[in-house]
1. Of GLY38, VAL113, TYR163, which is farthest along the charge dipole of segment 29-167 in the positive direction, counting Lys and Arg as +1 and Asp and Glu as -1 at C-beta?
2. For LYS295, go through the lysines and keep the ones whose alpha-carbon is under 22 Å away, minus same-chain ones fewer than eight residues off.
3. Where the Cα atoms of segment 1-159 are projected onto their three principal axes, how long is each span, largest first, in whole Å?
4. Starting from one equal scatterer on each C-alpha and no solvent at all, send me the Debye-based log10 I(q)/I(0) for segment 44-98 at q = 0.12, 0.25, 0.27 Å⁻¹, two decimals.
5. Enter the accessible area per residue of the chain (Å², integer; probe 1.4 Å; all protein chains in place).
6. With the alpha-carbon atoms as the only input, what is the per residue convex hull volume for the chain in Å³?
7. Given bins 10 angstrom wide, list per bin the percent of all Cα-Cα distances in segment 233-280, short to long.
8. Return the calculated 222 nm mean residue ellipticity for the chain, to the nearest 500 deg cm²/dmol, obtained by summing -39500 (n - 2.57) across DSSP H runs with n ≥ 4 and dividing by the residue count.
Amino acid sequence: MTAADISLGELAAAVGAELRGDPAQRVSAMNTLAAAQGHELAFLANPKYRNQLMSTNAGAVLLRPDDLGDFTGNALLLANPYLAFATLSHRFDRTPKPATGIHASAVVAETAVLGEGVSIAAQVVIGEGVRIGAGSIVEAGSVIHDRVVLGEGCRIRSRVVIYHDCRLGNRVQIHSGAVIGGDGFGFANERGHWRKIAQLGAVVIHDDVDIGANTTVDRGALEDTEIHTGAIIDNQVQIAHNVVIGAHTAIAACCGISGSTEIGAHCILAGGVGVVGHIKICDGVQITGMTMVTKSITEPGSYSSGTAFDRTESWKKMAVRLRRLDDLVTRVQRLEKARD
């Protein structure tokens, strides 16, 4: 794919920015303020990088009017530079788009139904009764099991596995190594021996969901595991059986969500968060990194757990004091009673 070559006038019009500078100036890539060259577009969204603005070599910069200051270079001024960066990034995206059609090495069941303009790459396996919507792409080595439904405009990256009966909406993207619809962790104990429970549900993923590399979404035991519209899920996340994730919720890398948990809409789970099973988290909750959520959350807001890092020697002293905290509370209570 050839590099983009776009005028600043065109970019400003695309995002509704006020252009200070030469509308005929052309850029062919995007980069950070520190690394950008004259043919590249940069952005300033985080005040932390404000000191790099005056020394940048970028051909133009996306920034807020309040951040312009003494900067004399080409500037595209608007209220949300980061959103503009996200929008314009697609103009410079060089991800190859494969040709439509079925590669000679792919194995596609006769009962599969493929929409117009579908691309099936090398070594893909498509099972019986699969339906794939128009314009969807299945990249090399992926396996789509029986009766799976993919909507229109989906992109299934290389070596993804989607188990039987799972249903995906439109414009869903699943990155390499992800497994959708593997068995939930369901076993019954019989005198010390584990007896497997058949997982009879599936996974339902609604429109515009993005699922990261090596993430796993287990199928439901009876009802379906469900991920609602616009949710974004990072790499190496484990979503257990019968979990429900609300619309436009964001889940960062290495989170683990136990079975039958319901997470509301517009929530944010930062990296490494753990959530126990059979609880509910309401809409609009933010959970900071490495937090362990052990009970339901019923009010929106930010929640944290654990202790901040410190030098090991200091941290060990603090850990010892925490273990003694219950004894200290008991002693204080006895003293208060004695005083009364």
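1. The residue sitting most towards the positive pole is GLY38.
2. LYS280
3. That works out to 65, 26, 25 Å along the principal axes.
4. After summing over all Cα pairs, the log10 values are -0.31, -1.03, -1.16.
5. 55
6. Each residue corresponds to 227 Å³ of Cα convex hull volume.
7. Calculated P(r), rounded to whole percents: 32, 64, 4.
8. About -4000 deg cm²/dmol.
The values are calculated or read from the model by the stated rules, or taken from the named source; none is laboratory data. This one's a predicted model, so the numbers in the text were calculated from it and none came from an experiment. Heads up, the Cβs are rebuilt from the backbone with ideal geometry, glycines too, and the neighbour counts pull from every protein chain shown. SASA here: full protein model, heavy atoms, side chains in, ligands and nucleic acids out. Shrake-Rupley method; radii C 1.70, N 1.55, O 1.52, S 1.80 Å.
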